[in-house]
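Input: a single structure, listed below in structure tokens.
The values are calculated or read from the model by the stated rules, or taken from the named source; none is laboratory data. The shown structure was predicted, so the numbers you read here are calculated from the model rather than taken from an experiment. FYI the Cβ positions are ideal-geometry reconstructions off the backbone, even for glycines, and counts take in every protein chain you see. Keep in mind that these areas ignore ligands, DNA and RNA; they rest on the heavy atoms of the full protein, side chains included. Shrake-Rupley method; radii C 1.70, N 1.55, O 1.52, S 1.80 Å.
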Amino acid sequence: MNAPCPQCAASDESATVAQSLVDIDRPLDEATRALLSSPPEPAGMSGAAIALFCLAGLLAVSGVRGLLTDDDGSSSDVSYRLGYTLGPFLVAAILVGVALAVNAVAQRRRRAARRGQGAAPTRAQWEQHRRVWRAAWLCRRCQVAFFPAATVRPDFPASPAIPVDQFPLWVATTAERAFGTTAPPLPR
């Protein structure tokens, strides 16, 4: 079922924005794709920090396994056995410290990059923007986006035709009107 375009009243060239972005038979040009793309998710933990935490966890599990294995202790001296038993835990602790430092540096860089763009949206605001984005439709014939009636919320009216270059602002504004948020427009 296609929604009729508010500009040309035809529904044969209408599809959701999400479908239009992945349509391989009729790809959109790069500028249009960039304007219609999904709002970027708020940054969480850095990938490098996640990898270091995982590696630290694996080493800790290896250390626990070493503690639980049966070792008669006759073949090595006490310092060697102590290092062999506690070494994985020490290295895991160092990796956790490095991961925390890497994540702090990444967050500091993100905050510095956002200073010129205003406040970053919260996770809840991003989810509302994403919900509105998923409700949007695109008319390929007119090259306009629109929100059919009741797609954002059951009581929400249909929108007029929205030029593609104004679409990101409309998503933010519609999320604010539909859900009562005062989120800043998401950066592109």
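State whether one or more residues within region 35-44 are over 30 Å from P163 (Cα atoms) and modelled with pLDDT under 80. Break it down stepwise before answering.
Just the residues of region 35-44 that are over 30 Å from P163 (Cα atoms), to begin with: 44.
Those still in the list that are modelled with pLDDT under 80 too: 44.
The answer is yes; a qualifying residue exists.
Can you name the residue in region 23-47 that is among the hydrophobic types (A, V, I, L, M, F, W, C) and part of a helix (DSSP H, G or I) and is also surrounded by the fewest Cβ atoms within 10 Å (Cβ to Cβ) among such residues?
As a first pass, look at region 23-47 and keep what is among the hydrophobic types (A, V, I, L, M, F, W, C): 24, 28, 31, 34-36, 43, 45.
Applying the additional criterion that residues be part of a helix (DSSP H, G or I) yields 31, 34-36.
On the way: A31: 10, A34: 12, L35: 17, L36: 20.
Selected residue: A31.
Taking region 8-58 as the region of interest, how many residues are among the β-branched types (V, I, T) and in contact with a strand residue (DSSP E or B) (Cβ under 6 Å, 6 or more places away or on another chain)?
Initially, region 8-58 is screened for residues among the β-branched types (V, I, T), giving 16-17, 22, 24, 32, 50.
Then drop every residue that is not in contact with a strand residue (DSSP E or B) (Cβ under 6 Å, 6 or more places away or on another chain), which leaves 16-17.
So the count comes out to 2.
Quickly run through region 121-132 and pick out the residues that are part of a helix (DSSP H, G or I) and under 14 Å from the mean Cα position of the chain (by Cα). Give the steps one after another, and end with the answer.
Narrowing region 121-132 to residues part of a helix (DSSP H, G or I): 123-132.
Answer for region 121-132, where residues must be part of a helix (DSSP H, G or I) and under 14 Å from the mean Cα position of the chain (by Cα): R123, A124, Q125, W126, E127, Q128, H129, R130, R131.
Tell me, yes or no, whether region 99-108 has at least one residue that is in a helix (DSSP H, G or I), at pLDDT 90 or above and open to solvent by less than 40 Å² (accessible area, probe 1.4 Å). Talk me through it step by step, then tell me what you get.
At the first step, the residues of region 99-108 found to be in a helix (DSSP H, G or I) are 99-108.
Narrowing the set further to residues that are at pLDDT 90 or above leaves 99-102.
Okay, now just the ones that are also open to solvent by less than 40 Å² (accessible area, probe 1.4 Å), so 99.
Checking region 99-108: at least one residue is in a helix (DSSP H, G or I), at pLDDT 90 or above and open to solvent by less than 40 Å² (accessible area, probe 1.4 Å).
Checking S20 against (1) open to solvent by 50 Å² or more (accessible area, probe 1.4 Å); (2) outside any loop (DSSP other than H, G, I, E, B); (3) among the polar types (S, T, N, Q), which test does it fail?
It fails just one condition, (1).
Any idea how many residues of region 48-58 are aliphatic (A, V, I, L, M) and open to solvent by 50 Å² or more (accessible area, probe 1.4 Å)? Spell out the reasoning first.
Going through region 48-58, the residues aliphatic (A, V, I, L, M) turn out to be 48-52, 55-56, 58.
Then drop every residue that is not open to solvent by 50 Å² or more (accessible area, probe 1.4 Å), which leaves 48, 50-51, 55, 58.
Matching residues across region 48-58 total 5.
Of the residues in region 1-17, how many are part of a loop (DSSP other than H, G, I, E, B) and either open to solvent by 40 Å² or more (accessible area, probe 1.4 Å) or of a type outside the set (A, V, I, L, M, F, W, C) (or both)?
Narrowing region 1-17 to residues part of a loop (DSSP other than H, G, I, E, B): 1-13.
Filter once more, so that each one left must be either open to solvent by 40 Å² or more (accessible area, probe 1.4 Å) or of a type outside the set (A, V, I, L, M, F, W, C) (or both): 1-2, 4, 6-9, 11-13.
Here the count works out to 10.
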